[in-house]
C-alpha cells in the first residue's frame with residue numbers, strides 16, 4: 001500500500017518548500033528582457049554577416 | 001499600448017510562477033542554482049514568443065514543459081561530471097537545512113521517471129492526467145511511476161530500507 005507514505009511525503013515536501021522558498025531569488029523580468037534582446041541582436045548580426053558573405057562570394061564569382 | 005499590456009501580463013505571470021517552478025526543479029535536480037538558471041531560461045523562451053504563448057489557455061503548462069525538458073537534458077548531460085566533481089572537492093558553504101537535504105537525498109535515490117512524477121504530483125500539484133500530458137505518456141504509466149516512486153521515496157524517508165536490510 002504505497003498510499004501509507006502519503007503523509008510522510010506530503011510532510012517532507014511541505015518542509016522542503018517552507019525551507020527553500022525564502023532562499024529562491026528571482027533575477028527578474030528585466031534580466032529576461034535583456035537576455036532576449038541580446039539574443040535577437042546576435043541573431044540579426046549573424047544573419048547580416050551571412051547575407052554579406054553570400055553577396056561577397058557572388059560578386060567574386062561573377063567578377064572572376 | 002498592446003506591447004505594454006503584454007509586458008505587464010508577462011511580469012505578473014513571471015512573479016506568480018517563478019518560485020513555484022524553481023522549487024519543483026530544485027527538488028528534481030537537487031541543485032538550487034541550476035534550477036533557477038533553467039527556470040529563467042524557460043521564461044526567456046516564453047518571453048521571446050510571448051504573443052503566442054501568452055494567448056495559450058495555459059501558458060504555465062508550456063513554460064513548465066520547457067523548464068522540465070531543459071532540466072532533463074541538463075540532468076542527463078551533467079550527471080556523470082557532477083558526480084565526479086562532488087567526489088573530488090570539499091565544500092565549505094553553509095548548507096541547507098537537514099529537512100531539505102533529507103528530501104533531495106531521498107529523491108536522488110529513486111529512478112528518474114518516478115522522481116519526475118512524484119515531484120510534479122506532490123510539489124507541482126498536477127493531476128495524473130496533467131502529468132501524462134506533460135510527459136507524453138499514458139495515464140496508466142504515470143500511475144505506475146507514482147506508485148513505485150511513492151513507495152521508494154516513502155521507504156527512503158522513513159528509513160525502512162535500512163531496517164529491512166538489517
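Laboratory data are not the source of any read-out in this text; all were calculated from the coordinates shown. Note that this is a predicted model, so its numbers are computed, not measured. In this analysis, Cβ positions are derived from the backbone assuming ideal geometry, glycine residues included, and neighbour counts consider all displayed protein chains.
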Quiz item: For labels at residue A:61 and residue A:8 in the simple 7 Å Cα→Cβ model, what's the distance in nm?
Solution: 6.9 nm
Practice problem: Please give the FRET efficiency for residue B:139 paired with residue B:9, using the beta carbon to beta carbon distance and R0 = 45 Å, rounded to the nearest 0.05. | Solution: 0.90
Practice problem: Would you please give the FRET efficiency between residue A:51 and residue B:55, computed as 1/(1 + (r/R0)^6) with r the Cβ-Cβ distance and R0 = 45 Å, to the nearest 0.05? | Solution: 0.90
Quiz item: To the nearest 10 degrees, how steeply does helix A:29-63 sit against the main Cα axis of chain A, on a 0 to 90 scale?
Solution: 30 degrees
Quiz item: So, in Å, what gap is there between the alpha-carbon centers of the range B:17-43 and the range A:6-40?
Solution: 5 Å
Exercise. Quick one: go through the range B:106-134 and flag any residue whose amide nitrogen is under 17 Å from the point 7 Å out along the Cα-to-Cβ line of residue B:78.
Key: B:108
Exercise. Would you compute, from DSSP H runs of 4+ residues alone, the mean residue ellipticity of chain A at 222 nm, taking -39500 (n - 2.57) per run and dividing by the full residue count, rounded to the nearest 500?
Key: -28500 deg cm²/dmol
Quiz item: Direction-averaged shadow area of the convex hull around the Cα atoms of the range A:2-63, nm²?
Solution: 8.9 nm²
